[in-house]
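The next block holds one structure in the form of structure tokens; read it before the comments.
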Amino acid sequence: MGEACARWAATEECVACRQSHPRVPSEQTIQQHIRVACSKGDTRLFRNNCGVLRDHRGVPVRYGLQNGSSDLIGWRSITITPEMVGQRIAVFTSIEVKAATGRVRQEQQQWLDAVQAAGGIAGVARSVEDAQRLLG
């Protein structure tokens, strides 16, 4: 997948990645484009799959951070001001990706609220531009 596809909804073939996209992009397409477009410089985002599968004995095995955790997680490195010793730190980042009509579930909002309350960057993105605004 190439750079962010700014013309998804207007064209059948994406100018940046030369792949066909539906006129209204799916949540998966938006998510892939956000991950690629925003994982540059001081920011790294990774797909966070969550769910439960049964192992060969039928025992449920959970994966991912937790129910409600965001689709994309990672960090954004920031530089502390000289008064704060000049160290760089990584700020935990959590982006819940939704299609145009997608709704945030209660446990997803609770996750986003908890990340923000702890000083992280968290929010909902329906486009690359939304994600870039969240990341500052």
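The values are calculated or read from the model by the stated rules, or taken from the named source; none is laboratory data. Quick caveat, the model's predicted, so the values are computed rather than measured. In this analysis, Cβ positions are derived from the backbone assuming ideal geometry, glycine residues included, and neighbour counts consider all displayed protein chains. Note: accessible area is taken over every heavy atom of the protein model, side chains too, but ligands, DNA and RNA are not part of it. Shrake-Rupley method; radii C 1.70, N 1.55, O 1.52, S 1.80 Å.
Assess whether Ile95 counts as being open to solvent by less than 40 Å² (accessible area, probe 1.4 Å) and over 23 Å from Ala37 (Cβ atoms).
no
Which members of the stretch 90-121 meet the condition of being farther than 15 Å from Leu65 by Cα and among the small types (Gly, Ala, Ser)?
Ala90, Ala99, Ala100, Gly102, Ala117, Ala118, Gly119, Gly120
Just for the stretch 29-52: of the residues that are within 11 Å of the chain's Cα centre (by Cα) and of a type in the set (D, E, K, R), which one is surrounded by the most Cβ atoms within 10 Å (Cβ to Cβ)?
Arg35
Within the stretch 53-85, track down each residue that is loosely packed, with under 11 Cβ neighbours inside 10 Å and in contact with a strand residue (DSSP E or B) (Cβ under 7 Å, 6 or more places away or on another chain).
Leu53, Arg54, Asp55, Pro60, Val61, Tyr63
Yes or no, residue by residue, for (1) free of Cβ contacts under 8 Å to residues at least 24 places away in the same chain; (2) assigned to a loop (DSSP other than H, G, I, E, B):
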position	(1), (2)
Gln66	no, yes
Gly86	yes, yes
Val91	no, no
Trp111	no, no
